[in-house]
Amino acid sequence: MTAITAGGGFTATLYRSRWVFLRFAAYLGAMAGIAAMARFGTGAYEENAFLYQILSMKGLIWGGTGALAGCGMAIVASTAKPKLMDAKMARNFVPWLDGFVLMVILAAIWALFEPAADQISYDDQSNLFAGRVIMAMNVIFIFSSVSYIAYLFAPESFIGRIATWSAYAGLYLGGSSLLLRWHESYLFDMEIGHAPVSNLYEVFILLCCVTTAIYLALEKRYQAKAMGAFVLTLVSAAVFFDIWLASVGQADIKPLVPALQSYWMKIHVPMNFVGYGSFAVACGAGMAYLVRFRLEANGGTSKMLKIFPSLDQLDQLAYKAVAIGFPAFTLATILGAAWASEAWGGYWSWDPKETWALIVWMTYGAYLHARVSHGWHGKALAWWAVAGFLVTVFCFLGVNMYLSGLHSYGRLS
């Protein structure tokens, strides 16, 4: 989501330290305001109408008040300690938050093209506009993957720019399509409405978006464009699986099963996919490392070596991706335990999904331990990043499709 930071003039002014710090504080304040509304507002949190509660006048008042309070506190804090305006956290997170706001705007625009109320049917959802946006996302992500691969063999700057900007386009289309599906779920019945993270079709779109966002952030900071050929190929594989899910009738919006009718779903699932997406990026970096290692072993005469990041850089990128994903996955696991306690009366039950989540956590925890405490690096950790993602894929997909348990609501229906 950092594409909007490029450029000059108004954009450059918008991303100067003072304005970035104020917007960061405003975003945090707005989120705190919405959370306070859900927790303390009279009749504020209703599972089946949460999206419209945020967009209602009450939501705007709570969120706006939080944003103003955040700005006020930021002004006072930065006046007392000017160095706060240069905080890295604000510079790193504000472009992502700005990107999310842009997705909301795009979703509002797409909503204008929805069919009339009398043409909307729960039994036939093929005319809903989100499906068209998702198809456009699919095409653009595949095009971006092909462009990144072409860049390896023809490293012209315009091919690289096309690859990057098409990845951004796919990201914004995917994110806005999920928000649009959230809106569409209410068009059938307010009792059906829910956040779009309840089935494999929706979370695969989320995985594509999160993986692409994390990769683009690393590409922009470390100029690692060649790695996109590997990461976007993984994204394209997810796209093809999602197309298959749609072809077998898994794309329809359906009511939530009772276990998912909780506010925990809105924070546990996205946080989980920050972990999954980060691990996918680490896998891409690991594959790029192994390819470069092989090219160097064969004499180091390939033209590709000129555009590949160095082995040390790829090793660092895989580590940074895991360092992003592991805390997020840890937090998601803790949130999942809290949700399980509320839904099933116990924090842990050794359900297949929980067991494999623990295996994933131990896999990447061991990766970080081996690197930080024992100084491991290079080819061994590149293979570890690739193998770790295969374990992650089974936890995410294999368990859902083949193993039964308390999480069986995530299986194909």
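In contact with a helix residue (DSSP H, G or I) (Cβ under 7 Å, 6 or more places away or on another chain), more than 30 Å from residue 22 (Cα to Cα) and either of a type in the set (A, V, I, L, M) or not in a helix (DSSP H, G or I) (or both), is that true of residue 122? Yes; evaluated as a whole, the condition is true for this residue.
Within the stretch 81-94, residues that are more than 16 Å from residue 31 (Cβ to Cβ) sit with their Cβ atoms under 6 Å from residues that are outside any loop (DSSP other than H, G, I, E, B) and polar (S, T, N, Q), at 6+ positions apart or across chains, in these pairs: 84/78; 85/17; 85/78; 86/17. Which residues, counting only those in the stretch 244-262, are loosely packed, with under 15 Cβ neighbours inside 10 Å and either aromatic (Phe, Trp, Tyr) or part of a helix (DSSP H, G or I) (or both)? Selection gives 244, 247, 258. Which residues, counting only those in the stretch 292-302, are at negative phi and without any contact (Cβ under 8 Å) to a residue 60 or more places away in the chain? Listed by number, the residues that qualify are 292, 294, 295, 296, 297, 298, 301, 302. Under 9 Å between Cβ atoms, at least 6 apart or on separate chains: pull out the pairs that start in the stretch 220-242 with a residue that is farther than 20 Å from residue 200 by Cβ and crowded, with 23+ Cβ neighbours inside 10 Å and end on any residue that is at pLDDT below 95 and among the charged types (D, E, K, R). Partner pairs satisfying both residue conditions: 226/292; 227/219; 228/219; 231/219.
Answer yes or no as to whether residue 388 is part of a loop (DSSP other than H, G, I, E, B), out of contact with any strand residue (DSSP E or B) (no Cβ under 7 Å at 6 or more places or on another chain) and in the same structural domain as residue 288 (by TED's automatic domain parsing). No; evaluated as a whole, the condition is false for this residue. Within the stretch 149-184, the set of residues being basic (Lys, Arg) and more than 19 Å from the chain's Cα centre (by Cα) comprises 161 only. The residues of the stretch 149-183 that are charged (D, E, K, R) and either crowded, with 24+ Cβ neighbours inside 10 Å or closer than 11 Å to residue 133 by Cβ (or both) amount to a single one, 181.
The values are calculated or read from the model by the stated rules, or taken from the named source; none is laboratory data. Just so you know, these numbers come straight off a predicted model, no measurement behind them. Counting neighbours? That spans all protein chains shown, and the Cβs are built from the backbone with ideal geometry, glycine included.
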